[in-house]
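The structure appears right after this line, and notes come after that.
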Amino acid sequence: MHKSAITGVLMIIVGAIVLVLLAGFILSVIITLLKVLAVVIGIILVIGGIAMIIFGGRWSRRRFWRWGSETSRT
């Protein structure tokens, strides 16, 4: 075996050991990031719901429900 192959195998083994030893920490970081993402999505949904309640009536009144008859007048 070449020297670089032995070094590569050692790097893989040491990296796997480090990942196994830090598995709890890595998992807690991932869970924390998922919680932060859930909070951001929740805030966006709440703000969107408030916007729909406040501004929803204005947008529904601006629609032309009979736009086929509006174009036939010209």
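Just so it is clear, none of the values below were taken in a lab; they were calculated from the coordinates. These figures come from a predicted structure and were not determined experimentally. Every residue, glycine among them, receives a Cβ derived from its backbone with ideal geometry; neighbour counts consider all protein chains shown.
Summary table below
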| read-out | value |
| --- | --- |
| First in segment 44-56 and without any contact (Cβ under 8 Å) to a residue 12 or more places away in the chain, second anywhere and of a type outside the set (Lys, Arg) and assigned to a helix (DSSP H, G or I), Cβ under 7 Å, 6 or more apart | none |
| Identity of the residue in segment 1-57, aliphatic (A, V, I, L, M) and outside any helix (DSSP H, G or I), that ends up nearest to the chain's Cα centre (by Cα) | 22 |
